[in-house]
Each structure stands twice: as C-alpha cells, then as structure tokens.
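Take a look at the structure set out below.
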Amino acid sequence: MKKRMAVTLWATMAVSLLSAQVRKEIYLNKGWSFQRGDIKGAEQPDFNDQNWQKINIPHDWAITGPFDKEIDKQTVAITQNGETIPSEKTGRTGALPYIGVGWYRTTLPKESLAGRRASIIFDGAMSEARVYINGKEVGFWPYGYNSFHFDITPFLGVEGENVLAVRLENQPESSRWYPGAGLYRPVRLLFTNETAVVPWGLSVTTPVVSDSLAQISIKAELNAHQNKKLRAVTTVLDQKSHVLLTKEANLVWRGIPIEENLILERPALWSPERPALYLAKIELYDGDRLVDVDSVRFGIREVKVNAHGGFMLNGKSRKIKGVCLHHDLGPLGAAINKAALKRQLLIMKEMGADAIRTAHNMPSPWQMELCDELGLMVMAESFDEWKAAKCKNGYNRFFDQWAERDLVNLIRCHRNHPSIVMWSIGNEVPEQSMDGGNRIAKRLQDICHREDPTRPVTIGMDRVDNAIANNFAALLDVPGLNYRTHRYQTAYDKLPQGFILGSETASTVSSRGVYKYPVQPYQQKTYPDAQSSSYDLESCSWSNLPEEDWELQDDKPWVIGEFVWTGFDYLGEPTPYDQVWPSRSSYFGICDLAGLPKDRYYLYRSKWNQEAHTLHLLPHWTWPGKEGDIIPVYCYTDFPEAELFVNGVSQGRIKKNPASKLDRYRLRWNKVVYQPGTLKVVAYNENGAIAQEREVHTAGKPTGLRLSADRNQLIADGVDLSFITVEVIDSEGNLCPDAAVPLSFTVEGSGSFKAVCNGDATSLEPFHIPQMKTFNGKLVFIVQAAEKKGAIRVKVSGAQLKSERMALEVE
Ligand code: GAL
C-alpha cells in the first residue's frame with residue numbers, strides 16, 4: 001500500500017515538473033505602477049512612470065476615499081424602487097471616488113518565447129479595460145465584472161522587456177451600487193506550447209450520477225494544427241492526488257473538442273454538506289514528446305429542477321437557503337482577497353446558508369473555488385441591465401455587442417465549479433414588460449444551454465404580471481421572483497414550470513445594535529439618525545420581513561427556496577436613506593459592513609442551521625433613563641418554547657404560534673418593563689424539558705476592550721488577513737452596547753494594519769487610517785501578514801480605557 005502511494009506521489013511530482021515546462025502560469029500581483037487620470041502616452045513602453053504609485057494587485061483605487069456626497073449626487077427617479085418623480089440622491093455608489101480613468105503599468109517577467117504561446121487572463125477589471133503590450137492595443141473588454149483573456153503572442157518582443165499597460169475608465173451614473181475601480185481581481189500570464197489546451201478549454205461534466213457510479217466526461221478544446229496527430233492521456237485523481245482512473249487515446253485534431261469518458265465506481269458526491277472534489281488531468285503527446293498538461297478541479301453531482309421534486313441535488317429535493325452577495329468586501333472595497341472571501345462564506349455557512357447568489361454580476365474565480373471547497377451552492381449571475389437602461393451609463397451601452405461574449409466567458413470560465421447550480425441571465429430587467437423582451441430572454445437562455453446543457457437558467461423578476469402576460473416568465477427553466485410574496489400563488493398557477501424560486505427575498509433593513517420605539521412593522525421608515533431598527537420589522541415599500549418568505553417555503557411545496565437580500569451590507573444603495581447625507585452603505589445586510597452579525601443573523605440561523613441550536617435575545621439591556629418604560633424583548637431560537645425573566649421575575653413562558661406570522665418563528669414578549677439588571681431566557685425543547693439558558697446584563701461604564709481574531713495563525717504570503725473584532729466592555733466584561741469610543745491601532749512585527757470598519761452606514765471615517773470610533777460598542781480591524789514568518793503584535797487603545805494587546809502567528 002505504502003509502495004503504491006509512493007509511486008503515485010512520485011508520478012504526480014514528475015508530472016507537475018513536466019507540466020511546469022509545458023505550461024506555466026504566472027500571477028502578476030507585484031510590481032505595478034498606478035496613476036489616476038487620462039494620461040497621454042501612458043501605453044508606450046518608454047513612458048516614464050517613476051513617479052506613479054507603486055502597488056500590488058488586486059487593487060481598488062477608490063476605497064481609500066475620501067467619502068464625498070458630491071461624487072455621486074444624482075437627481076434621478078429609481079424606477080426599480082417604484083419612484084416616478086426624480087429626487088436628489090447621494091451615496092448611491094458609496095460616495096467614493098471611483099469615477100474617471102486609471103492607468104496600470106508593469107513589466108512582464110522574462111520568459112523564453114521560442115515556439116510558445118502567451119495569453120493574458122484578467123479575472124475582472126473595473127471597467128472598460130483597454131489592454132496594451134509594448135504600446136499596441138491587444139484588446140478591449142468593457143464589462144467590469146467579467147473574466148476575459150487575450151492571446152498576446154504576436155505582441156510580445158522576443159528580446160528585452162515587454163511592458164503591459166491597462167487603461168480603465170468608470171463613467172458617472174454607470175452603477176446602482178459601489179462598483180469599485182481598477183485591477184481589483186487577479187491578472188495572470190499563461191505560457192503554453194504551440195499545441196495546447198486553450199485557456200478555459202478543459203471542461204468536465206458528469207452526465208450519469210448515482211451512488212454506485214458516475215460517468216465523467218472530459219472535453220478539451222485545443223490550439224493545434226488541423227489534422228495534427230496527438231496522443232491524449234486522461235486521468236481522474238482524488239483530492240490526495242491518487243490516480244483513480246486513466247485512459248489513453250490516439251487522435252487527430254480536427255477543430256472539434258476531444259472527449260474522453262470514464263466511469264468511476266462509488267463516487268463521493270459533491271454537496272454543501274460534503275463537498276467532495278476530484279481533479280481531471282489531460283496530457284497531450286506529440287509522438288513521444290509531452291506538449292501540454294492541463295488540469296481542472298471538479299465535483300460529481302446532479303442538479304435537477306422539475307414540478308415533481310422542485311430543486312433536487314443528487315436526487316434529493318431541498319429548499320435553497322441562499323443569500324445574495326454583492327462583490328465588495330466592505331472596508332477592503334472591491335479588491336478581492338481570499339481570506340476575506342473565505343471569512344464571508346464561513347459566516348454564512350455558520351448561519352446555515354447553503355447557497356449564494358452573485359448579485360448582480362459574474363463572480364470571481366477565487367470565490368467560486370471557495371464555494372466548491374466549503375460547500376455552498378451558487379446562482380452565478382451575469383447582468384443587472386440588458387438593453388434598457390437602469391443607469392444612464394450602465395451596461396445598456398454594451399449589451400447588443402457584448403452580451404453573448406459576456407455570457408460565453410462567464411460560462412467557460414466557471415463551468416467546472418460543482419458549486420454553481422444555476423446561471424442567472426439577469427436581474428429585474430425592464431425588458432420583462434417590453435415588447436420583444438421575451439425574445440431577448442430566450443436568446444440569452446439559449447446561449448447558456450448551448451454553452452452548458454447541464455445547468456438550469458433563471459432571472460430575478462419583479463414585474464411579475466407583465467412577465468407572465470408576455471410569456472417572458474414561462475420560457476425560463478427556473479422562474480425567479482424578487483419579493484412580491486403576494487404574487488407567488490398567481491405565478492405558480494399561471495406558469496408552466498410548476499415551481500417558483502425566491503430569487504431575491506426580504507430586503508429587511510436594520511442597523512446593528514440600534515433599537516427604535518415604539519416597536520412595530522414599518523415600510524420605508526426613516527429616523528433622524530439615519531439608522532434602522534434591529535427589531536427586524538422594517539422593510540421597503542417593495543420588500544418584506546423574513547417570515548413572509550418562510551411561510552411560503554414552509555406551506556407551499558412548490559416554493560423551492562430563496563436568496564435573501566443580502567448576507568452582508570455593501571457599499572452604496574443606502575435605502576431607505578438614499579436622500580439623506582451622510583449614509584453611504586446599505587442597511588439590508590444580515591451582517592453589517594464589517595461582517596458583524598446583526599440580530600437578524602440569529603433569526604435566519606434559528607431556522608436554517610440544523611446542526612447547532614440558536615438562542616439569542618434582543619435588545620441589549622442597558623437603557624439608562626428608561627427605567628419603568630416598556631422595552632419589548634424578542635428571542636430568536638430554534639427551540640419551540642421559552643420563559644423570560646427580568647431580575648428573576650418571570651415575564652411568561654411562551655410558545656411559537658403557527659397561526660400568527662410574527663409569532664410563528666420568533667418568541668416575543670411585548671410588554672416587558674425595563675429595570676436594570678439581568679435579562680434571562682430559559683428555552684424548552686419539544687418534550688418540555690429545559691434545553692438552554694442565556695443571560696444579558698445591564699452594562700456599567702466602559703473600562704476596557706476585548707479582542708477576538710477570526711484567525712490567530714496567518715500564512716507568510718503578504719496577503720493573508722486576520723479580522724479582529726473589538727468590543728468595548730465594562731469591568732465585568734459586559735459589552736457596552738452604545739459605546740462610541742475613538743480607538744487607535746498599532747500593528748508591529750510580521751504584519752501591518754490593513755483596514756478598519758465599524759458597520760455604521762453613516763460613518764465618513766476612512767477605512768485605511770488606523771483609527772475609528774466604535775459603533776454600538778464594536779468594530780472590526782484587519783491585519784495583513786507580511787512575507788516573513790514571526791509574530792504580529794497588535795495594540796488597541798482608546799481614551800480612558802485600558803489598552804488591549806494581542807499576538808498573531810505568521811507561518
Ligand atoms: C432589488 C434589486 C437589488 C436591490 C434591492 C434592494 O429590487 O434587485 O439590486 O436594489 O432591490 O431592496
């Protein structure tokens with residue numbers, strides 16, 4: 001056994017050495033120069049960029065601000081929000097300076113080019129990218145969210161230096177949210193031999209999936225001379241690089257993708273609960289010479305939707321517990337970072353979510369890799385706009401010429417991710433109610449089917465009646481409804497599919513740690529402090545509370561699940577305060593912009609997380625001056641029943657009540673009279689036995705700080721991150737729930753300060769300066785590992801508080 005493993009390992013090492021010779025990918029993350037402005041001649045190789053800013057990518061030129069309401073002040077009617085009369089809006093795109101031109105330049109690493117092909121691959125560039133090599137334009141890609149690549153072989157000089165320059169431009173009024181700016185995702189160079197698999201050319205599908213066997217179909221599209229004779233060795237490996245299957249075939253390249261089919265017995269199927277992955281590898285030989293080795297990770301799983309089973313993964317019906325995610329990472333802006341993406345996904349998984357929707361655009365490959373590994377299903381979306389404008393300078397300018405190319409790239413780049421279970425061709429496009437809109441939908445869906453016959457296609461629809469009347473909704477694989485819970489039944493009755501997906505749900509608004517009185521449901525409610533209440537009873541004129549979605553999912557077998565708007569707050573779209581300054585980020589998040597859970601997190605967790613119990617009380621219990629006032633108390637729990645006590649005095653033992661919308665999923669004590677002291681809840685299980693208890697105490701004066709890091713050990717790669725939550729506490733260790741204390745941060749040793757965020761949508765403090773006020777007693781600051789191993793020493797200080805230190809390891 002040992003011997004076999006050693007042989008396998010040796011074989012794998014030998015192959016990777018060979019593959020390094022035949023195919024080489026270089027991640028261009030370092031050594032870039034950056035400058036804002038429309039700079040004449042910046043594409044020329046001899047242009048002097050010495051005074052430009054030296055940066056690494058991923059990079060977002062706008063995230064350091066400053067916030068300024070003039071940047072995105074617009075007088076518009078947001079028709080998606082049902083507005084007909086224009087009004088002045090601020091903060092719609094985050095009030096950050098993303099508009100304008102930015103240039104990036106770098107020198108490409110030297111590489112022997114004789115007989116080689118070179119491609120440059122962008123995982124996304126914001127936006128209207130013009131790519132130049134040695135002063136010559138290589139290509140243009142307008143859509144800022146998509147991945148694209150160009151063959152740059154003819155542009156490279158064989159001798160000397162090759163200079164890459166990228167010009168990006170963001171138009172005003174081009175987005176409904178903060179899009180970010182710059183080379184915010186990785187850029188890679190790929191060198192191959194003349195005969196090779198093309199970029200994104202390897203694809204794996206699993207046409208037959210069962211517990212006993214899976215058919216694995218591996219296809220490869222090549223760059224090769226017509227009629228070239230080749231030998232292909234196709235291999236399937238497990239996650240530990242053990243070879244499971246292998247096949248060899250002689251072929252003649254005739255321009256049609258080569259295909260090999262292998263049968264794997266007793267496959268481990270991919271699912272959110274058990275995300276099993278495999279590797280498919282192809283080696284191409286020209287005679288005895290190995291000319292290319294390409295490989296791709298994949299999963300074995302089957303996705304089906306139909307009227308009988310609804311949404312089915314591996315033959316089992318399940319209701320999707322999904323969240324919509326915008327692409328920005330709060331204080332890091334749009335510049336992606338694997339540790340930050342992973343933290344977001346882990347927070348959602350811990351809540352019990354099993355899916356994400358990449359609203360409203362193409363995801364990054366890194367995010368999809370993480371979804372594969374962690375086990376999150378994905379609705380991968382493409383467009384927020386087709387031909388009809390939502391924003392004056394939005395994607396509508398490019399739709400006619402680019403929509404097909406954009407969809408093709410989305411699918412070719414991402415088709416091997418088992419996490420992706422459906423494509424979305426749009427979100428709330430006005431074409432739903434326009435003549436010919438259904439023909440566009442059909443065309444886009446057909447493109448998806450042509451490129452990938454294995455996944456269903458959806459659209460998020462908000463104009464339900466129109467979309468039903470003109471057959472727009474009927475032609476979709478998956479009819480997705482955004483909000484409009486009152487139209488679900490009609491849509492189900494009138495549409496042929498026999499099921500409905502909540503493609504976008506809830507849009508409940510709240511600010512972490514903010515509680516408003518009197519407590520009652522509101523729509524479009526605003527308060528003078530530009531915050532929303534965390535009793536989770538406030539939504540928009542078009543949206544609803546979580547319970548309204550859950551009632552549908554629980555009572556109607558044909559509702560196949562939901563994607564809640566949104567998992568995290570994001571920059572821009574500060575509804576219901578889009579006419580109020582300052583407010584520059586959203587209130588929709590289940591977590592705030594810093595990634596800190598709001599109360600709503602525990603409401604979803606109580607319903608979604610089947611692995612662990614939830615017992616959460618709100619509000620906090622520190623209300624000086626409100627002694628004797630009524631402070632309603634809510635408990636979010638999966639237990640059916642609980643008793644509440646204030647300083648030992650029972651406030652009643654209550655059960656969830658399926659007959660009342662709000663009492664079906666929450667436990668509410670609406671008449672609790674506030675007295676400082678201890679609020680305690682005792683939860684009972686189905687058998688009436690005490691299951692768990694939780695206490696909240698009235699806090700005293702702030703005296704100190706508590707630090708907790710999401711990760712205490714980082715990798716010495718110069719990019720890894722730790723997110724450290726800081727809480728202001730009293731002498732007993734209670735959170736001071738309204739503390740607004742200015743803090744400062746010092747980071748020494750093998751790392752540096754990266755950013756800080758307190759989750760307050762009205763804060764104009766910059767994210768990149770190591771000081772910030774806590775918001776309702778908390779904030780999160782981010783520390784980045786250096787490239788050297790050692791310790792990171794962190795110190796957090798605030799006036800009249802005991803400073804707190806923490807050490808992290810970098811390995
Ligand atoms: C939806 C839209 C989202 C977001 C949301 C806010 O209609 O699809 O992008 O704007 O409203 O509630």
* Hey, among S539, S543, S586, S533, which residue is surrounded by 20 or more Cβ atoms within 10 Å (Cβ to Cβ) and more than 24 Å from G322 (Cβ to Cβ)? -> S533
* Report, by residue number, each residue of region 390-443 that is within 15 Å of the ligand (Cβ to nearest atom) and over 24 Å from L376 (Cβ atoms). => K390, C391, G394, Y395, V429, P430, E431, Q432, S433
* Asked: Looking at region 345-378, which of its residues are more than 28 Å from V408 (Cβ to Cβ) and either in contact with a Leu (Cβ under 8 Å, 6 or more places away or on another chain) or in a helix (DSSP H, G or I) (or both)?
  -> L346, I347, M348, K349, E350, M351, A353, D354
* Asked: Of all residues in region 589-635 being among the aromatic types (F, W, Y) and more than 26 Å from V323 (Cα to Cα), which is surrounded by the fewest Cβ atoms within 10 Å (Cβ to Cβ)?
  -> W623
* Residues (over 25 Å from the mean Cα position of the chain (by Cα) and within 15 Å of the ligand (Cβ to nearest atom)) located in region 527-542 -> S541
* Structure fact -> Picked from region 490-510 (must be away from the ligand (no atom under 16 Å from the Cβ) and touching a residue at least 60 places away in the same chain (Cβ under 8 Å)), the residue surrounded by the fewest Cβ atoms within 10 Å (Cβ to Cβ) is G498
* Could you say which residue among Q771, Q800, Q713, Q784 is more than 29 Å from P576 (Cβ to Cβ) and without any contact (Cβ under 8 Å) to a residue 60 or more places away in the chain? -> Q771
* Structure fact -> Apart from one, (1) buried (at least 24 other Cβ atoms within 10 Å of the Cβ); (2) within 14 Å of the ligand (Cβ to nearest atom) all hold for P576; the odd one out is (1)
* Asked: Which of the residues that make up region 146-179 are more than 16 Å from the ligand (Cβ to nearest atom) and assigned to a loop (DSSP other than H, G, I, E, B)?
  -> N146, S147, I152, L156, G157, V158, E159, G160, E161, N162, Q171, P172
* Structure fact -> Within region 466-489, the residues that are closer than 30 Å to K598 by Cβ, more than 14 Å from the ligand (Cβ to nearest atom) and among the aliphatic types (A, V, I, L, M) are V478
* Asked: Which residues, taken from region 314-339, are out of contact with any strand residue (DSSP E or B) (no Cβ under 6 Å at 6 or more places or on another chain) and either of a type in the set (F, W, Y) or part of a strand (DSSP E or B) (or both)?
  -> K316, K321
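The numbers here are math on the coordinates, done by the rules we state, and not lab data. Source: prediction; values computed, not measured. Note that we place each Cβ from the backbone using ideal geometry, even for glycine, and neighbour counts take in every protein chain shown.
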